[in-house]
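K.L.:
Handing you a structure now.
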Amino acid sequence: MRSYYELAGQLGINTEHNQLYSPGKLRIENRKLVFMEENQAVVFWGIDLKDLEKPDPMVYQANNESEMVWQSVLFRLDYQNVALANRLGPWSMIVK
């Protein structure tokens, strides 16, 4: 996660549509570190706390509901994949 922030954290792709949280705004919801919010706050993306030390952890997403239900998505936290999800929208990568 640190590598992604260092490489792409300041790029427009993280602010033009969906919002990558600054390190100070990261938060924990249901054992996930939430790092990105869809532009209308309908969907959030996070990483499982147990995976934080992995070099390329699985990313999960959840709807903005009273109880967030997390689903894994088809990408890992690297620049190319988060950029793709940003362009395709929140529902394009859900793994059932």
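Quick note: the coordinates plus some simple rules give every number you see, no bench work behind them. Model, not experiment: these values are computed from the prediction. Virtual Cβ from ideal backbone geometry, glycine too; neighbours counted across all protein chains shown.
K.L.:
Simple spin-label model, 7 Å along Cα-to-Cβ: LEU49 to GLN10 in nm?
P.N.:
My value for the distance between the label points is 3.2 nm.
K.L.:
Could you compute the net charge surrounding LEU33? Neighbours are other residues with a C-beta less than 11 Å from the C-beta of LEU33; K and R count +1, D and E count -1.
P.N.:
Once positives and negatives cancel, what remains is +1.
K.L.:
In addition: Under a straight-distance cross-link criterion of Cα-Cα below 12 Å, which aspartates and glutamates are reachable from LYS54, leaving out those fewer than 8 residues away in the same chain?
P.N.:
ASP78
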